[in-house]
1. Filter the range 54-79 for residues that are aliphatic (A, V, I, L, M) and within 24 Å of A137 (Cβ to Cβ) and give the result.
2. Which condition from (1) at pLDDT below 95; (2) β-branched (V, I, T); (3) closer than 27 Å to D104 by Cα is the one that T33 breaks?
3. For the range 29-133, which fully contained strands (runs of 3 or more DSSP E) count at least 1 residues that are more than 12 Å from the chain's Cα centre (by Cα), farther than 21 Å from A13 by Cα and among the polar types (S, T, N, Q)?
Amino acid sequence: MTDVHALLLPVGADLYALPVDWAREVVAPPTLTPLATAPPVVIGLFNLRGQIVPLLDTAALLSLGQMETTTFAVVVTGPHGLAALATTGFPQRQMLETPTGTSDLPGTTGLYQVGTEVAALLDPAALLTPERVRDPAARLDPTPRGDG
């Protein structure tokens, strides 16, 4: 596997890495409009220069419980439009080199050593599907569906 240019996302005591080409921008905690009918993973919606963006609870999306606070939001351009991943600390750019292991956590593709910590590399294409947002406990199926 080649080196990965990533944005490190602190989520509580854990560290996750988002491939930098998925990140559009980092914003301070936005003013949110809650949605009573939204899945629990959707913290709320915010306005980003005229575009409505859902803020997703990154811990809940990974089936790790719910975040208590959001310090920053990383806006990503996903397969179904804009979304934002909540973080509990300021995201940092980092070049990830050789993976140090595999991750059993759904929606991640490997583990990388970052100083004294280990970061799990996120697979945004798998995490940001409508099915995953509706039900984070749903099994992630990497096999594309469709004819042929």
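The values are calculated or read from the model by the stated rules, or taken from the named source; none is laboratory data. Computed from a prediction, not measured in an experiment: that's the story for all the values here. No Cβ is skipped: glycine too gets one built from the backbone with ideal geometry, and neighbour counts run over all protein chains shown.
1. L55, L56, A59, A60, L61, L62, L64, M67, A73, V74, V76, listed by residue number.
2. (3)
3. Numbers: elements: 42-48, 51-56, 72-78, 81-87, 92-96, 108-114, 117-122.
So the answer is 42-48, 51-56.
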